[in-house]
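First comes the structure, then the notes that go with it.
Bear in mind that the values in this text are calculations on the coordinates, not laboratory data. Since the model is a prediction, treat every value here as computed from it, not as a measurement. Cβ placement follows ideal geometry from the backbone for every residue including glycine, while neighbour counts extend to all protein chains displayed.
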Amino acid sequence: AGLSGRNSYQFYTEGMNSQARQRLRLESALYRALERNEFEVYYQPQIDPASGAPLGVEALMRWNHPDRGVVGPDEFIPLLEETGLIIAAGEWVLRIACAQCRTWQDEGFPDLRVAVNISARQFLEKNFVPLLQEILKETGLEAGSLDLEITESVLMQESERLTGTLGAIALLGIHISIDDFGTGYSSLAYLKRFPVNGLKIDRSFIQGIPGNSDDMAIAFAILSLAGNLGLRVTAEGVETEAQLGLLNTWRCPQLQGYLFARPMPADSFPPWAMKALA
Ligand code: C2E
Ligand code: CA
Ligand code: CA
Ligand code: CA
């Protein structure tokens with residue numbers, strides 16, 4: 001009732017202001033969260049199907065919100081990206097994850113690798129390669145233990161920076177995996193053009209096996225393609241024994257999903273891994 005009598009222009013402007021205010025509040029909350037260390041890195045194991053042992057872990061960000069509890073990245077990564085705070089947050093995740101992996105290597109998991117998600121904006125930032133070098137030096141992690149997960153959209157950029165960054169990363173010996181493979185503007189040409197080491201079959205395809213014949217065909221095709229190109233494939237979102245059975249038949253080399261473990265706080269990983277190895 002309060003709206004009658006107002007013209008639509010006023011209404012629209014007020015709406016935008018409150019939206020802008022809301023965004024500003026969230027933005028400053030995120031900024032404070034960074035300063036107050038409310039972010040935490042969780043780790044989800046990536047499994048060797050032959051032994052059940054963890055080959056690596058994927059670092060996944062969480063926000064321990066003072067009122068709301070643990071908040072997942074889908075709720076804050078887009079805003080971190082929009083505001084540019086992803087540069088600082090992404091740097092923080094890289095540093096924590098590399099240090100953590102090195103610690104676990106020293107504590108009895110010598111071959112453990114760590115995968116870190118890198119957003120397009122962070123990957124294409126001018127100082128990204130020097131930052132990687134600095135973090136590896138600082139944490140003592142070998143380049144070969146680090147896997148950067150980027151999406152197809154990053155590889156679609158036409159820029160000299162992209163080619164230069166990918167080349168420098170390959171030269172350092174850091175691995176690149178394409179995340180959510182098959183969901184973006186898939187152009188297979190970039191697999192040939194760029195130094196890529198791995199593909200992650202998106203969860204949406206894994207969800208459909210063995211019931212959906214299209215998903216079956218796509219997952220199988222990605223596995224054969226990658227095998228023939230010498231790329232390591234990870235199936236993500238493995239939840240059922242039926243999915244596991246098929247992926248084993250197809251010899252998928254690396255598996256990740258709730259069937260094995262959910263993402264967990266750092267403290268929970270060593271006990272989980274000891275059990276998996278026993
Ligand atoms: P992603 O890279 O595709 O990560 C996999 C997501 O699938 C994670 O969600 C993980 O918890 C979830 N997942 C793993 N196994 C299963 C399963 O069996 N079933 C189901 N239903 N889900 C599973 P999460 O942790 O909520 O992360 C969401 C997305 O946020 C990530 O998707 C990634 O794109 C982004 N993200 C997370 N951490 C970072 C970060 O540090 N930097 C950047 N740039 N992005 C991040
Ligand atoms: Ca990922
Ligand atoms: Ca993914
Ligand atoms: Ca995803």
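Taking 0.36 nm per residue of separation and subtracting the Cα-Cα distance, full extension of the segment from residue 82 to residue 31 would add 17.1 nm.
Which of 71, 116, 154 ends up with the largest GNM mean-square fluctuation for the chain, with Cα atoms connected below 10 Å? Maximum among the listed residues: 71.
If you run the Gaussian network model on the chain, springs between alpha carbon atoms under 10 Å, then out of 37, 248, 17 the most flexible one is 17. The GluC sites (Glu not before Pro) found in region 32-72 that occupy coil by DSSP, while having at most 16 further C-beta atoms within 10 Å, are 38. When the P(r) of the chain is calculated, the portion above 25 Å amounts to 52% of the C-alpha pairs. Its Kirkwood hydrodynamic radius, worked out from the mean inverse distance over all distinct Cα pairs, puts region 118-231 at 15.1 Å. As a calculated quantity, the FRET efficiency between residue 68 and residue 229 at R0 = 41 Å, using C-beta atoms, amounts to about 0.40. In the chain, if the dipole is taken from +1 on Lys/Arg beta carbons and -1 on Asp/Glu beta carbons about the Cα centre, which of 188, 157, 132 is farthest to the positive end? Positive-end residue among those listed: 157. Of all DSSP bridge pairs formed entirely within the chain, close to 40 percent run antiparallel. Explain nothing, just the number: dipole magnitude of region 139-197 about its Cα centre with +1 on each Lys and Arg Cβ and -1 on each Asp and Glu Cβ, in debye rounded to the nearest 20. The calculation lands at about 220 debye.
When the Gaussian network model of the chain links Cα atoms closer than 10 Å, the mean-square fluctuations of 241, 142, 81 top out at 241. Please return the longest range in the chain lying between exposed loop sites, taking chymotrypsin sites (Phe, Trp or Tyr not before Pro), DSSP loop only, at most 14 other beta-carbon atoms within 10 Å, and leaving the sites out. Here the longest segment lacking exposed loop sites spans 1-184. Largest first and in whole Å, the equivalent-ellipsoid semi-axes of region 215-278 read 26, 13, 10, each the square root of five times a Cα gyration tensor eigenvalue.
For residue 38 and residue 134, the difference between the fully extended length at 0.36 nm per residue and the C-alpha to C-alpha distance is 32.1 nm.
A full extension of the chain between residue 189 and residue 21 corresponds to an added length of 56.1 nm, given 0.36 nm per residue minus the alpha carbon distance. Taking a straight Cα-Cα cut-off under 25 Å and skipping sequence neighbours fewer than 8 places away in the same chain, the lysines within cross-link reach of residue 126 are 137, 192. Screening the chain for whole DSSP H helices of 20 Å or more along their axis (Cα) with average Kyte-Doolittle hydropathy at least -1.0 returns 8-35, 86-106, 213-229.
Mean sequence separation of contacting Cα pairs (under 8 Å, at least six apart), scaled by the length of region 158-246, corresponds to a relative contact order of 27 percent.
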